[in-house]
Amino acid sequence: MRFSETERFLDSFHGKHGSVTSQKSSRRVGLARALSKLGYCSRSDASDLIHAGRVRLNGVTRCDPEAPVRLEKDRIEVDGQSVATAAKVYLMLNKPRGTVTTASDEKGRRTVYAFLNSDAVTADLPWVAPVGRLDKASEGLLLLTNDSEWAAQVLAPATHLDKIYHVQIDRVADSALLESLARGVKTKDGEFLRVTKVRILRGGERNSWLEIVLDEGRNRHIRRMLERLEVEVLRLVRVAIGPLVLGQLPKGSVRSLDAGEKRAIDQAMQNRARA
């Protein structure tokens, strides 16, 4: 079974307990999910705290991560300290190749959180989650936030927010390859995938760089299409999400979106949703 980026994000952010966008803050949510929504920690870390007896709900220690919580009314404490709603945070990371987009990795591989912990901009941040994923071999623009509803909008297929990738391949691209990508490809596992736009950026004697635009990202979307066409991906770099551009941000560096960037992507999502 294949999952869209939206489904994968929601699963990692809150677990398999329904759509974030349909949940209102006044409705009951599980205690572990409440801690993640408040920006205190990830849902899995919250479950560990709860099982350890370190979390109190309205003055009573609760050891069930699914204990119901009303975010607007109930009081949550961790180690005796009240947990308040964290300010919304919106970050841009230039993800280096070779890192994984998870909070922890059972194989001991370096994760994107290593860059958050080392950057002065992120020293006192609440817990944030990646907005979608870039696989280990891919690099470039990755958004992170503690605003789960905003993240779900960025990823939602209905928003049709363009994601732009620069892709180096192991051959000289021709019109036939571009036409195949634009027309769509049935992958080895039977899924039909297509790109929104594709063009040649530059080429050499043995390889080429393509610019590929997607408005919906399936798991390893570009790699699976090119694999089916027997084309090897040498590098894959995401350079833009809607109006947000990676620009000259160094690899491994993190910065906050400025107010203009946040307004621009919000407006782009509204415009595309109405189109």
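Nothing in this text is a laboratory measurement; each read-out follows from the coordinates by a stated rule. Quantities reported herein were computed from a predicted structural model and do not represent experimental measurements. FYI the Cβ positions are ideal-geometry reconstructions off the backbone, even for glycines, and counts take in every protein chain you see.
Here are a few things to note about the model shown:
- Model label zone, residue 186; criterion: amide N under 20 Å from point 7 Å along Cα-to-beta-carbon; scope the stretch 214-243: 218-219, 221-231
- Value of relative contact order over the chain, rounded to a whole percent, pairs C-alpha under 8 Å and six or more apart: 20 percent
- Length available on full extension from residue 206 to residue 58: 0.36 nm per residue minus the Cα-Cα distance, which gives 46.7 nm.
- As a rough guide to protection, the peptides 210-223, 66-79 ranked by mean Cβ packing within 10 Å, highest first, stand as 210-223, 66-79.
- Measuring spread by the Cα atoms of the stretch 26-103 yields a radius of gyration and Dmax of 14.3, 46 Å.
- Hydrodynamic analysis of the chain uses the Kirkwood radius over alpha carbon pairs. Inserted into Stokes-Einstein at 25 °C and 0.890 mPa s, it gives a translational diffusion coefficient of 122 µm²/s.
- Based on Cα contacts under 8 Å between residues 6+ apart, the stretch 125-265 shows a relative contact order of 29 percent.
- Debye intensity ratio in log₁₀ form over the Cα atoms of the stretch 162-241, taken at each q of 0.14, 0.22, 0.24, 0.27 Å⁻¹: -0.39, -1.01, -1.22, -1.54
- Under 25 Å from the Cα of residue 163 - lysines, other chains or at least 8 residues apart: 88, 95, 136, 186, 188, 197, 251, 262
- Spatial separation of Cα centroids for the stretch 202-235 and the stretch 130-145, in angstrom: 17 Å
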